[in-house]
Amino acid sequence: MAAQQGFNPFDMARSQFDKIAELLDLEPGTRALLRTPRREYHFTIPVRMDDGTVKVFQGFRVQHNDARGPGKGGIRFHPQETIDTVRALSMWMTWKTAVVNIPLGGAKGGVICDPHDLSQREQEAICRGFMRQIAADVGPLLDVPAPDVMTNAQHMLWMLDEYEVLSHGRYPGLITGKPVGLGGSLGRAQATGYGVVYTLREALKQLGLEPEKTRAAVQGFGNVAQYAIELYNQLGGTVVCVSSWNQQEQAAFTLKKTGGVNLEELRGITDRYGGIDQAKAKDLGYEVLPGEAWIEQEAEILIPAALENQINGESVKTISSAVKVVAEGANGPTTPEADAALQERGVFTIPDFLANAGGVTCSYFEQVQCNTNYFWEMDEVLSKLDVKMTAAFNDVAELAQRKKLYMRDAAYVIAIDRVAQACQQRGWV
Ligand code: NAD
């Protein structure tokens, strides 16, 4: 999400779209509609800080497309958030909800801020200020926000509470990722990481690889990475390294352990932002390597689960020849330049908006449960999630094989075609 020098995620999202628009031979009007968000909101959020001063934060909400249903997408808190990042992410949400075939569109939000430096009270004020600015333009039938990087169930509940005060009623379908017991769904925490591994499991089957004989290198150790590792370990796989961000030093690092990293041990020394205590990891016998080392490890599987632009023209050259699969937990981790190199090397890529769609699928289940006011057991949520993710993976893999397409292109063809058809059937284009 960080605005990285020279990298513009919206340019990347558009170039991915343009390629498929060409392949699908979309009408110029449909292309013009789909390559630009339908609506975007920019607003300020003044907050009285704990020291008595007022600080003004910048907030965004972008609604890319809602032809297939209300907008859906998270709200990110990040110091380097940019409007183009939010635009790109909103577009990717449109393709994500379409590829897993749930009746929702694509949207995304963000606030430029660093929660590491904010008290709980200040974060609550940002959440309530955000909702006051956008309340008229979101809603259960309009646009449904959710958590994203550095936001969690507590932030969602503050936003929901503010909305309900303004709207004079209870509207649990406004927002997803709520705490369990207050409209949240069991399994939401697991959903994205597990979803990555449901699709990975299917990819390994297709490639004739046994999970117990594979190794994975993981970038990130937040929500997505931790649950992906949990399920991958249950399948018998070994995680050779994870990487994380050192907030004090403002630098990434990689942790490696012979025989594989131990998830529970690392969870015990990790903060709620997914930052691992480097010194404690050393004491536990981990080797500390530079941030970029995760990508160079000898492993059959790479799981980028941190940020955009991590597998790029340069870093792709350092990937080990052992790598057979890239399962994209993060949004936009691979640039088009690196994609071409992976394709040439015959690496099987499970594209982000398919691999990490478990989160939004579970959010959709959360809405369904809120609407019926009846909440499912964990097993039911996870088994329904597995069904949806596996079906979406199989649709994409089948098209990829039949038309000899790269997996990312096949996923885009399915998603963009569904959205384009919805726009056409509504008479928009
Ligand atoms: P998170 O904030 O819980 O974790 C992010 C992790 O990345 C942390 O461990 C952090 O230390 C690490 N990190 C940050 N910068 C890094 C760097 N330069 N090098 C290595 N590690 C770094 O976030 P998350 O919810 O796990 O999301 C991760 C990615 O997955 C994001 O791209 C997000 O958009 C995407 N995603 C998340 C969900 C979800 O449900 N949480 C759903 C779909 C997609």
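The values are calculated or read from the model by the stated rules, or taken from the named source; none is laboratory data. Quantities reported herein were computed from a predicted structural model and do not represent experimental measurements. Note: ideal-geometry Cβ built from the backbone for every residue, glycine included; neighbour counts use all protein chains shown. Protein only, heavy atoms only, side chains kept; ligands, DNA and RNA dropped before computing areas. Shrake-Rupley method; radii C 1.70, N 1.55, O 1.52, S 1.80 Å.
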Index of the failed condition, residue 116 passing every other in (1) over 20 Å from residue 176 (Cβ atoms); (2) at pLDDT 95 or above
(2)
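Go through 279, 299 for me and flag whichever is without any contact (Cβ under 8 Å) to a residue 24 or more places away in the chain and of a type in the set (A, V, I, L, M, F, W, C).
Going through 279, 299 in turn, the sole match is 279.
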Report yes if some residue within region 344-352 is assigned to a helix (DSSP H, G or I), crowded, with 21+ Cβ neighbours inside 10 Å and under 21 Å from the mean Cα position of the chain (by Cα); otherwise report no.
yes
Residues of region 258-309 that turn out to be in contact with an Asp or Glu (Cβ under 7 Å, 6 or more places away or on another chain) and under 30 Å from residue 208 (Cβ atoms), as a count:
2
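State yes or no: is residue 40 over 26 Å from residue 191 (Cα atoms), modelled with pLDDT of 95 or more and crowded, with 17+ Cβ neighbours inside 10 Å? Give the derivation first.
Details: over 26 Å from residue 191 (Cα atoms): yes; modelled with pLDDT of 95 or more: yes; crowded, with 17+ Cβ neighbours inside 10 Å: yes.
Answer is yes for this residue.
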The lone exception for residue 128 - which of (1) open to solvent by 10 Å² or more (accessible area, probe 1.4 Å); (2) among the charged types (D, E, K, R); (3) within 16 Å of the ligand (Cβ to nearest atom); (4) without any contact (Cβ under 8 Å) to a residue 60 or more places away in the chain it fails
(3)
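In this structure, is residue 399 out of contact with any Asp or Glu (no Cβ under 6 Å at 6 or more places or on another chain) and open to solvent by 30 Å² or more (accessible area, probe 1.4 Å)?
Details: out of contact with any Asp or Glu (no Cβ under 6 Å at 6 or more places or on another chain): yes; open to solvent by 30 Å² or more (accessible area, probe 1.4 Å): no.
So residue 399 fails the test.
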Does region 209-217 contain at least one residue that is closer than 23 Å to residue 252 by Cα, open to solvent by less than 10 Å² (accessible area, probe 1.4 Å) and within 11 Å of the ligand (Cβ to nearest atom)?
no
Residues located in region 54-83, provided they are surrounded by 24 or more Cβ atoms within 10 Å (Cβ to Cβ) and without any contact (Cβ under 8 Å) to a residue 60 or more places away in the chain
60, 62, 64
Of the residues that make up region 132-145, is at least one without any contact (Cβ under 8 Å) to a residue 60 or more places away in the chain and in a loop (DSSP other than H, G, I, E, B)?
no
In a helix (DSSP H, G or I) and touching a Gly at 6+ places or on another chain (Cβ under 8 Å): is that true of residue 385 in this structure?
yes
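Scan region 156-168 and give yes if some residue there is aromatic (Phe, Trp, Tyr), open to solvent by 10 Å² or more (accessible area, probe 1.4 Å) and in contact (Cβ under 8 Å) with a residue 12 or more places away in the chain, otherwise no. Working first, answer last.
Our first condition is that a residue be aromatic (Phe, Trp, Tyr); within region 156-168, this holds for 158, 163.
Narrowing further to those that are open to solvent by 10 Å² or more (accessible area, probe 1.4 Å): 158, 163.
Subset that is in contact (Cβ under 8 Å) with a residue 12 or more places away in the chain: 158, 163.
Yes, there is a match, as at least one residue in region 156-168 is aromatic (Phe, Trp, Tyr), open to solvent by 10 Å² or more (accessible area, probe 1.4 Å) and in contact (Cβ under 8 Å) with a residue 12 or more places away in the chain.
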Across (1) among the polar types (S, T, N, Q); (2) away from the ligand (no atom under 12 Å from the Cβ); (3) in contact (Cβ under 8 Å) with a residue 60 or more places away in the chain, residue 152 clears everything bar (2)
Where residue 328 falls short, out of the listed (1) within 28 Å of residue 229 (Cβ to Cβ); (2) surrounded by fewer than 20 Cβ atoms within 10 Å (Cβ to Cβ); (3) among the charged types (D, E, K, R):
(2)
Can you tell me how many residues in region 219-270 are open to solvent by less than 20 Å² (accessible area, probe 1.4 Å) and in contact with a Pro (Cβ under 6 Å, 6 or more places away or on another chain)?
2
So residue 374 fits all but one of (1) more than 17 Å from the chain's Cα centre (by Cα); (2) over 26 Å from residue 25 (Cβ atoms); (3) assigned to a helix (DSSP H, G or I); (4) of a type outside the set (A, V, I, L, M, F, W, C); what number is the exception?
(3)
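From the set of residues in region 287-308 that are assigned to a loop (DSSP other than H, G, I, E, B) and within 15 Å of the ligand (Cβ to nearest atom), which is least open to solvent (accessible area, probe 1.4 Å)?
So the first thing to find is which residues in region 287-308 are assigned to a loop (DSSP other than H, G, I, E, B), and the list is 297-300, 305-308.
Still in the list and also within 15 Å of the ligand (Cβ to nearest atom): 297, 305-308.
Working: 297: 19, 305: 16, 306: 38, 307: 48, 308: 1 Å².
This residue is 308.
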For region 309-317, does any single residue satisfy the condition of being in a loop (DSSP other than H, G, I, E, B), among the small types (Gly, Ala, Ser), open to solvent by 50 Å² or more (accessible area, probe 1.4 Å) and more than 10 Å from the ligand (Cβ to nearest atom)?
no
